[in-house]
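Asks: Pasting in a structure now, in structure tokens, and then I'll have a few things to ask.
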Amino acid sequence: MASAAAVLKRSESVTDSLPEALKQSRYHMKKCFAKYIEKGKRIMKLAHLMDEMDKAIDDKNDRTQVLEGLLGYILCSTQEAIVVPPYIAFAIRPNPGFWEYVKVSADDLSVEGITITDFLKCKEMIYDEKWANDQNALEVDFAALDYSMPRLTLSSSIGNGVTLVSKFITSTLSQKLENSQPLVDYLLSLNHLGDNLMINSTIDTALKLQMALIVAEVYLSALPKDAPYSDFELRFKQWGFERGWGDTAQRVKETIRTLSEVLQAPDPINMEKLFSRLPTIFNVVIFSPHGYFGQADVLGLPDTGGQVVYILDQVKALEEELLLRIKQQGLNAKPQIVVVTRLIPDARGTKCDQEIEAINGTRHSNILRVPFQTENGVLRRWVSRFDIYPYLEKFSQDATIKILDHLEGKPDLIIGNYTDGNLVATLMANKLGVTQGTIAHALEKTKYEDSDIKWKELDPKYHFSCQFIADTIAMNATDFVIASTYQEIAGSKERPGQYESHTAFTLPGLCRVVSGINVFDPKFNIAAPGADQSIYFPYIERQKRLTSFHPAIEELLYSKDDNNEHIGYLADKKKPIIFSMARLDVVKNITGLTEWYAKNKRLRNLVNLVVVGGFFDPSKSKDREEISEIKKMHALIEQYQLKGQIRWIAAQTDRKRNGELYRCIADTKGAFVQPALYEAFGLTVIEAMNCGLPTFATNQDFFDKCKLDATYWTKFSTAGLQRINECYTWKIYANKVLNMGNIYSFWRQLNKEKKQAKQRYIQLLYNLQFKSLAQNVPIPSDVAPPAPKPD
Ligand code: UDP
Ligand code: LCN
């Protein structure tokens, strides 16, 4: 739309350029702004602004001229505009993470740069004028506490936290040897079950450490490379060294050399390498309270999807990597990973009512289930993730006791998942003083338009007031954040990221968050998940194919009649299949895919549609969104007479059979489509690509091209597999996450005082806001409401 010449110069702000831009086409702009304010107070998105500009400027050439100028560029970067006549306030985002706010008067086109507070106030004027004008409305401002922390400056560096932290540590320890004392103190603090690791108090200064390293390196040079640590352990102990440096002379020498280099002249590469080798992490706690967390019969149930698969695979990969590292460190410690979830007495035939369950495919990892307690005892039934807040504080206390008992001590790392897990992780990590990582899986705020400003309307159903505050607390409390993609953090040129949308938002009547999170904080890291490659392998590996499932899959896809597992049928078996599989919730948009397919004659002629998700009888579901999606699916099948071209299969719980199902779809030369409304990424995408099934998240003329060129399908299949092996494996993931755990454990130590100050602020927000909001969430019927307190 806007020409390259119209792009702002880096030094210019939108506020500086806008008056000039408006002058360039003043006549048209006056018309356009008059149109914008015509309907009174409202929020306008970009599409809206463009639409109404079309109406205000009739002549196409005039319009093109306006859009090709600077104004076009500015408008294209506008995320939203708030109309409070005669003013229009714009939130402009020229690049990921960069925001500017300006206010334009429709009367005289005067332009004024405004603060985020003023922008949010304009927004509040639409929904709660009294609160917007309250001089003492509560403002949450994390930037006020973080002002002295180092930040990235480039959009392109967002998500490379470990690399950047390694640079910041380097500069802190640089200049003179004494500056490395925090590193020496940190090494002195390392231990396993009370036994010192790396060094003991004989070596308590950087100078002593430097000298001892020189002596040790010379000594090691005379030994065979593969000499085990036990051969020189005694000698090392005399010099003040403890175990943890390596299992062989060679490995110990490498670690010593890396540390010597760091002490001599710190550099980020050696710094990163050093931390990746330190014996910091042995025991890990992973929180995932909601949903049915189990190893069988749970997938596809409401709120139970990728998070469960992700964590189980993550645990296997982390344990494997920990075992390898511990061996290479010359230690024989037993790493333990505990996944802590909710114990559900009404377990619907799953194992979710068992307290302890060993995790398949691991040696030392377990699921530990802790029930939700209310004033009237244990909550028996499943609750939606949106209604989970009243139980979390007690859950974290009960879980902490159980975990300390199970591990016989504190964990070294606590990882939270989703809002509830992240909040519980925050409470526990703060209490025990342990390094914390968080994973969002999905931040709900961005999934529902204007969900912050409209919180009062949405709260009875979703309790977003609890959720957004809990998310903001956890993001700020955590030492590092693991994201799957760049998009999750900072979006794209066009669209803000999920975390970025927490930079500033407002919950009128509750609080105005003027600085919620900064995506330039070096705590953000990208580590994409993988898929279990023993289950999801390419369709082409014929000898490994699970042919015993073929009759059942054939029945599942092609039998003619409806039953509990499938409805609809495929009349023409020769057509390729478009396939999708997801929990049946609104944002997954399986109904959207069905509707697009239904409306596209050409596609209906070329391919069949198979979707897996939910089940067919809405009265059996307790989940609001699932119920509405089930009804919608039935209506679409009826309305567009899809029978003969669609197969709707109920939620599938057998991962092995699902793997074979993806491959059978690949045999039809079909494709996987991920149609989610918000995030077109997820484990199904990775699973499908691992199976060699071409995978799409956007609209393409793929099948037409496949008809013309038989190699076109194979090209996509092969390229998908290549991409998976380069970036999306659990091995790569586990390595990255343990490196994060190691380096941020030191980083939090370096910034201890600042962290404590922030923790105090978080505690206020938690106690004064979150707790009372959580108390308003109703407790479901299997537990009677708490008796009224006597006055
Ligand atoms: N899944 C399944 N059966 C179903 C629906 C989903 O086994 O009926 C699995 C799917 O194979 C994937 C996970 O559940 O492993 C869904 O993960 P994804 O990240 O795609 O979505 P989420 O549910 O986490 O939002
Ligand atoms: C993300 C996922 O991966 C799902 O499994 C969850 O149900 C959802 O978000 C909320 O946890």
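Asks: State all residues of the range 206-256 that are within 41 Å of the chain's Cα centre (by Cα) and charged (D, E, K, R); if no residue qualifies, say none.
Replies: Hits for the range 206-256 are 242, 243, 247, 251, 253, 254.
Asks: What tally of residues in the range 381-397 results from selecting those that are surrounded by 17 or more Cβ atoms within 10 Å (Cβ to Cβ) and of a type outside the set (Ser, Thr, Tyr)?
Replies: Initial filter on the range 381-397 (surrounded by 17 or more Cβ atoms within 10 Å (Cβ to Cβ)): 382-392, 395-396.
Now narrow it down to the ones that are of a type outside the set (Ser, Thr, Tyr): 382-383, 385-388, 390, 392, 395.
So the answer is 9.
Asks: Continuing with the same structure: Here's a check for you: in the range 1-54, which residue that is in contact with a helix residue (DSSP H, G or I) (Cβ under 8 Å, 6 or more places away or on another chain) and hydroxyl-bearing (Ser, Thr, Tyr) is modelled with the highest pLDDT?
Replies: Applying the first criterion (in contact with a helix residue (DSSP H, G or I) (Cβ under 8 Å, 6 or more places away or on another chain)) to the range 1-54 yields 1-3, 6-8, 14, 17-18, 20-22, 24-25, 28-29, 31-32, 34-36, 41-44, 46, 49-50, 52-54.
Then keep just the ones that are hydroxyl-bearing (Ser, Thr, Tyr); that gives 3, 17, 25, 36.
Details: 3: 44, 17: 84, 25: 81, 36: 95.
Looking at the filtered set, the residue picked out is 36.
Asks: Can you find, within the range 296-348, the residue that is nearest to the chain's Cα centre (by Cα) among those that are within 16 Å of ligand 1 (Cβ to nearest atom) and on the phi > 0 side of the Ramachandran plot?
Replies: Here the residue is 303.
Asks: Which of the numbered conditions does residue 30 fail, given that it passes all the others? Conditions: (1) touching a Lys or Arg at 6+ places or on another chain (Cβ under 8 Å); (2) over 21 Å from residue 514 (Cβ atoms).
Replies: (1)
Asks: From 254, 242, grab the single residue that is more than 27 Å from residue 434 (Cβ to Cβ) and among the acidic types (Asp, Glu). Let's see the steps before the verdict.
Replies: Working: 242 fails: more than 27 Å from residue 434 (Cβ to Cβ).
Answer to the selection: 254.
Asks: Test each condition in (1) modelled with pLDDT of 95 or more; (2) within 16 Å of ligand 1 (Cβ to nearest atom); (3) not polar (S, T, N, Q) for residue 584 and report the one that comes out false.
Replies: The failed condition is (1).
Asks: While we're looking at this one, here's another question. Can you tell me which residue within the range 417-437, out of those that are assigned to a strand (DSSP E or B) and away from ligand 2 (no atom under 13 Å from the Cβ), is farthest from the chain's Cα centre (by Cα)?
Replies: Restricting to residues being assigned to a strand (DSSP E or B) and away from ligand 2 (no atom under 13 Å from the Cβ), the top hit is 435.
Asks: When you scan the range 160-228 for helices (runs of 4 or more DSSP H) that lie fully inside it, which ones turn up with 2 or more residues that are in contact with a helix residue (DSSP H, G or I) (Cβ under 6 Å, 6 or more places away or on another chain) and under 30 Å from residue 484 (Cα atoms)? Before the answer, list the steps.
Replies: On the way: elements: 161-173, 181-189, 206-221.
Passing ranges, in order: 161-173.
Asks: How many residues are under 11 Å from residue 750 (Cβ atoms) and either aromatic (Phe, Trp, Tyr) or more than 22 Å from the chain's Cα centre (by Cα) (or both) when one looks only at the range 151-173? If you could, list the steps in order and put the result at the bottom.
Replies: Residues of the range 151-173 that are under 11 Å from residue 750 (Cβ atoms), as a first pass: 165, 168-169, 172-173.
Restricting the remaining residues to those that are either aromatic (Phe, Trp, Tyr) or more than 22 Å from the chain's Cα centre (by Cα) (or both) gives 168-169, 172-173.
Residues in the range 151-173 being under 11 Å from residue 750 (Cβ atoms) and either aromatic (Phe, Trp, Tyr) or more than 22 Å from the chain's Cα centre (by Cα) (or both): 4 in total.
Asks: Among the candidates 362, 350, single out the residue that is more than 29 Å from residue 258 (Cβ to Cβ), surrounded by fewer than 21 Cβ atoms within 10 Å (Cβ to Cβ) and within 16 Å of ligand 2 (Cβ to nearest atom). Talk me through it step by step, then tell me what you get.
Replies: Numbers: 362 fails: within 16 Å of ligand 2 (Cβ to nearest atom).
So the residue among 362, 350 that is more than 29 Å from residue 258 (Cβ to Cβ), surrounded by fewer than 21 Cβ atoms within 10 Å (Cβ to Cβ) and within 16 Å of ligand 2 (Cβ to nearest atom) is 350.
This table checks each residue for (1) part of a helix (DSSP H, G or I); (2) closer than 15 Å to residue 648 by Cα.
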residue	(1), (2)
543	yes, no
554	yes, yes
561	no, yes
574	no, no
580	no, yes
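Asks: Moving to a separate point now. Are any residues in the range 489-514 of a type outside the set (Phe, Trp, Tyr), assigned to a loop (DSSP other than H, G, I, E, B) and either modelled with pLDDT of 95 or more or buried (at least 20 other Cβ atoms within 10 Å of the Cβ) (or both), and if so, which ones? Before you say what the answer is, go through the steps one by one.
Replies: Taking the range 489-514 as the starting set, the residues that turn out to be of a type outside the set (Phe, Trp, Tyr) are 489-498, 500-504, 506-514.
When the remaining residues are screened for being assigned to a loop (DSSP other than H, G, I, E, B), the result is 491-498, 503-504, 508-510.
If the condition is that a residue be of a type outside the set (Phe, Trp, Tyr), assigned to a loop (DSSP other than H, G, I, E, B) and either modelled with pLDDT of 95 or more or buried (at least 20 other Cβ atoms within 10 Å of the Cβ) (or both), then 491, 496, 497, 498, 503, 504, 508, 509, 510 are the ones that fit.
Asks: Turning to a different aspect of this structure: Does the range 451-458 contain at least one residue that is under 20 Å from the mean Cα position of the chain (by Cα) and closer than 25 Å to residue 125 by Cβ? Explain how you work it out, then say what you get.
Replies: Start the filter on the range 451-458 by keeping residues that are under 20 Å from the mean Cα position of the chain (by Cα), which leaves 451-452.
So of that shortlist, the ones also closer than 25 Å to residue 125 by Cβ come out as 451-452.
Checked against the condition, which is being under 20 Å from the mean Cα position of the chain (by Cα) and closer than 25 Å to residue 125 by Cβ, the range 451-458 yields at least one hit.
Asks: Within the range 669-678, does at least one residue satisfy the condition of being touching a helix residue (DSSP H, G or I) at 6+ places or on another chain (Cβ under 9 Å), without any contact (Cβ under 8 Å) to a residue 60 or more places away in the chain and of a type in the set (Phe, Trp, Tyr)?
Replies: Looking through the range 669-678, none of the residues is touching a helix residue (DSSP H, G or I) at 6+ places or on another chain (Cβ under 9 Å), without any contact (Cβ under 8 Å) to a residue 60 or more places away in the chain and of a type in the set (Phe, Trp, Tyr).
Asks: Still on this structure, I have one more. State the number of residues belonging to the range 601-626 that are over 15 Å from residue 567 (Cα atoms) and either surrounded by fewer than 23 Cβ atoms within 10 Å (Cβ to Cβ) or within 14 Å of ligand 2 (Cβ to nearest atom) (or both). Spell out the reasoning first.
Replies: Residues of the range 601-626 over 15 Å from residue 567 (Cα atoms): 601-607, 619-626.
Checking which are either surrounded by fewer than 23 Cβ atoms within 10 Å (Cβ to Cβ) or within 14 Å of ligand 2 (Cβ to nearest atom) (or both) leaves us with 601-606, 619-626.
Counting residues in the range 601-626 that are over 15 Å from residue 567 (Cα atoms) and either surrounded by fewer than 23 Cβ atoms within 10 Å (Cβ to Cβ) or within 14 Å of ligand 2 (Cβ to nearest atom) (or both) gives 14.
Asks: For the subset of the range 559-600 comprising residues that are closer than 18 Å to residue 664 by Cα, small (Gly, Ala, Ser) and more than 16 Å from ligand 2 (Cβ to nearest atom), which member is surrounded by the most Cβ atoms within 10 Å (Cβ to Cβ)?
Replies: Going through the qualifying residues, I end up with 559.
Asks: Can I ask one more? Do you know which residues across the range 500-547 are of a type in the set (Lys, Arg) and closer than 19 Å to residue 692 by Cβ? Before you say what the answer is, go through the steps one by one.
Replies: Start the filter on the range 500-547 by keeping residues that are of a type in the set (Lys, Arg), which leaves 512, 523, 542, 544-545.
Of everything in the range 500-547, those that are of a type in the set (Lys, Arg) and closer than 19 Å to residue 692 by Cβ turn out to be 542, 544, 545.
Asks: Within the range 661-672, is even one residue within 16 Å of ligand 2 (Cβ to nearest atom), out of contact with any Leu (no Cβ under 7 Å at 6 or more places or on another chain) and under 13 Å from residue 580 (Cβ atoms)?
Replies: Here is the first cut: in the range 661-672, the residues within 16 Å of ligand 2 (Cβ to nearest atom) are none.
For the range 661-672, residues within 16 Å of ligand 2 (Cβ to nearest atom), out of contact with any Leu (no Cβ under 7 Å at 6 or more places or on another chain) and under 13 Å from residue 580 (Cβ atoms): absent.
Asks: For the subset of the range 268-295 comprising residues that are of a type outside the set (S, T, N, Q) and within 16 Å of ligand 2 (Cβ to nearest atom), which member is farthest from residue 443 (Cα to Cα)? Quick ask: steps written out before the conclusion?
Replies: Filtering the range 268-295 down to residues of a type outside the set (S, T, N, Q) leaves 268-269, 271-275, 277-279, 281-282, 284-287, 289-294.
Filter once more, so that each one left must be within 16 Å of ligand 2 (Cβ to nearest atom): 286-287, 289-294.
Numbers: 286: 18, 287: 16, 289: 16, 290: 15, 291: 16, 292: 19, 293: 20, 294: 23 Å.
Top of the filtered list is 294.
Asks: Same structure, new question: Going by the structure shown, is residue 71 surrounded by 21 or more Cβ atoms within 10 Å (Cβ to Cβ), more than 30 Å from residue 157 (Cα to Cα) and touching a helix residue (DSSP H, G or I) at 6+ places or on another chain (Cβ under 6 Å)?
Replies: On the way: surrounded by 21 or more Cβ atoms within 10 Å (Cβ to Cβ): yes; more than 30 Å from residue 157 (Cα to Cα): no; touching a helix residue (DSSP H, G or I) at 6+ places or on another chain (Cβ under 6 Å): yes.
Taking the combined requirement at face value, the residue does not satisfy it.
Asks: I would also like to ask the following. Looking only at the range 677-730, count every residue that is within 16 Å of ligand 2 (Cβ to nearest atom), farther than 24 Å from residue 544 by Cβ and among the aromatic types (Phe, Trp, Tyr) and tell me the total.
Replies: Total meeting the criteria: 2.
Asks: Let me ask something else about it. State which residue pairs qualify: first residue of a type in the set (Ser, Thr, Tyr) and inside the range 415-438, second residue part of a strand (DSSP E or B) in any location, beta carbons under 6 Å apart, and separation of 6 or more residues or different chains.
Replies: Pairs found: 435/413; 438/416; 438/481.
Asks: List pairs: first in the range 513-532 and of a type in the set (Lys, Arg), second assigned to a strand (DSSP E or B) and within 16 Å of ligand 2 (Cβ to nearest atom), Cβ under 8 Å, 6+ apart or cross-chain?
Replies: Pairs found: 523/481.
This table checks each residue for (1) surrounded by fewer than 22 Cβ atoms within 10 Å (Cβ to Cβ); (2) within 30 Å of residue 612 (Cα to Cα).
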{"site": "302", "(1), (2)": "no, yes"}
{"site": "311", "(1), (2)": "no, yes"}
{"site": "315", "(1), (2)": "no, yes"}
{"site": "320", "(1), (2)": "yes, no"}
{"site": "331", "(1), (2)": "yes, no"}
{"site": "334", "(1), (2)": "yes, no"}
{"site": "338", "(1), (2)": "no, no"}
{"site": "341", "(1), (2)": "no, yes"}
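Asks: In a loop (DSSP other than H, G, I, E, B), over 15 Å from residue 660 (Cα atoms) and modelled with pLDDT of 95 or more: which single residue out of 517, 535 fits that description? Please lay out each step first, then the result.
Replies: Working: 535 fails: over 15 Å from residue 660 (Cα atoms).
Among 517, 535, only 517 is in a loop (DSSP other than H, G, I, E, B), over 15 Å from residue 660 (Cα atoms) and modelled with pLDDT of 95 or more.
Asks: Identify, please: which residue in the range 627-660 is charged (D, E, K, R) and within 16 Å of ligand 2 (Cβ to nearest atom) and is, among those, nearest to residue 607 (Cα to Cα)? It would help to see each step written out before you state the result.
Replies: As a first pass, look at the range 627-660 and keep what is charged (D, E, K, R): 629, 631-632, 638, 643, 647, 654-657, 660.
Okay, now just the ones that are also within 16 Å of ligand 2 (Cβ to nearest atom), so 629, 655.
Numbers: 629: 23, 655: 25 Å.
Among them, the one singled out is 629.
The values are calculated or read from the model by the stated rules, or taken from the named source; none is laboratory data. Not measured: the values here are computed from a predicted model. So basically every Cβ, Gly included, is an ideal-geometry build from the backbone, and we count neighbours across all protein chains shown.
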